[in-house]
Amino acid sequence: MNAGFGNHEGGSDVIRFRPSKSPLSILFYDGELTYTIVNGDTTLILTEHHIKTNKLITTKYKKAVNKQPDDRLDFGMNYLVNKGIIGGKYLCIDSTGHQSNVMFTNDGRVTALANFKTYFISTDIGGEPMNNLDGIIFERIDKTRQFFTFNINADTLKLYDTYANTDSTEYIVGRLKYRLVKKK
């Protein structure tokens, strides 16, 4: 099966179905994997024993989407991030004062914002260079990309240009490029 490890590494793994203490669960590495179905929505539940604290740790995994592209292991997480943070309709005012109606879909499409066609929010939060700001990356029709940092305050999303510092280890916030107010 395909698997995501954290929000950065991906790969595949094998699930071996071995009986557990309960007939409704299977052994999964050092824990037990069970599930519930409520209103047609399946939740996987991983219960592990934490050796140092002698406590059970329960992690619930909820299905993000019913179907995702075969080549996009990150699709479900991106969908939930988009839905929770940016997805929706906006009134956009660009740096020249021009107004337009913009829409961000939960599956990563954007309409009526410059010549961008898709977007994704950077969720790769690591210590590597040029990873110090919250980022949103837009892809144009010609497949070139544009990085902005963003700020959200109440119903207003602001997108800022960025540029590298002198040794190219960090982004520096530039001028405000787009101010987007979410429509009710």
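The values are calculated or read from the model by the stated rules, or taken from the named source; none is laboratory data. As the structure is a computational prediction, the values presented were derived from the model and not from experiment. Here the Cβ positions follow ideal geometry from the backbone for every residue, glycine too, while neighbour counts run over all protein chains shown. Side chains included, ligands, DNA and RNA excluded: accessible areas come from the protein's heavy atoms. Shrake-Rupley method; radii C 1.70, N 1.55, O 1.52, S 1.80 Å.
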Report task. Could you run through the range 169-184 and say how many residues are loosely packed, with under 13 Cβ neighbours inside 10 Å and not in a strand (DSSP E or B)? Result -> 3
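For the condition of a type outside the set (Gly, Ala, Ser) and under 16 Å from the mean Cα position of the chain (by Cα), what is the one hit in 140, 109, 179, 175? I'd like the intermediate steps shown before the answer.
Values: 140 fails: under 16 Å from the mean Cα position of the chain (by Cα); 179 fails: under 16 Å from the mean Cα position of the chain (by Cα); 175 fails: under 16 Å from the mean Cα position of the chain (by Cα).
The match here is 109.
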Query raised in the report: Can you tell me how many residues in the range 43-68 are more than 22 Å from the chain's Cα centre (by Cα) and not in a strand (DSSP E or B)?
Result: 4
Report task. Scan the range 120-157 residue by residue and report those that are assigned to a strand (DSSP E or B) and closer than 13 Å to residue 88 by Cα. Result -> 156, 157
Report task. Return the only residue of 117, 143 being at positive phi and basic (Lys, Arg). Result -> 143
Query raised in the report: Looking at the range 51-72, which of the residues that are modelled with pLDDT of 85 or more and in contact with a strand residue (DSSP E or B) (Cβ under 7 Å, 6 or more places away or on another chain) is nearest to residue 83 (Cα to Cα)?
Result: 60
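Could you tell me whether residue 24 is outside any strand (DSSP E or B) and either in contact with a helix residue (DSSP H, G or I) (Cβ under 7 Å, 6 or more places away or on another chain) or of a type in the set (A, V, I, L, M) (or both)? Let's see the steps before the verdict.
Working: outside any strand (DSSP E or B): yes; either in contact with a helix residue (DSSP H, G or I) (Cβ under 7 Å, 6 or more places away or on another chain) or of a type in the set (A, V, I, L, M) (or both): yes.
When the stated conditions are applied, residue 24 passes them.
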Report task. Mind listing whichever residues of the range 154-170 are polar (S, T, N, Q) and modelled with pLDDT of 95 or more? Result -> 156
Query - Members of the range 35-87 that are among the hydroxyl-bearing types (Ser, Thr, Tyr) and surrounded by 11 or more Cβ atoms within 10 Å (Cβ to Cβ) - result: 35, 36, 42, 43, 47, 58, 61, 79
Requested in this report: Give me a count of the residues in the range 145-168 that are over 22 Å from residue 77 (Cα atoms), of a type in the set (S, T, N, Q) and open to solvent by 60 Å² or more (accessible area, probe 1.4 Å).
Outcome: 3
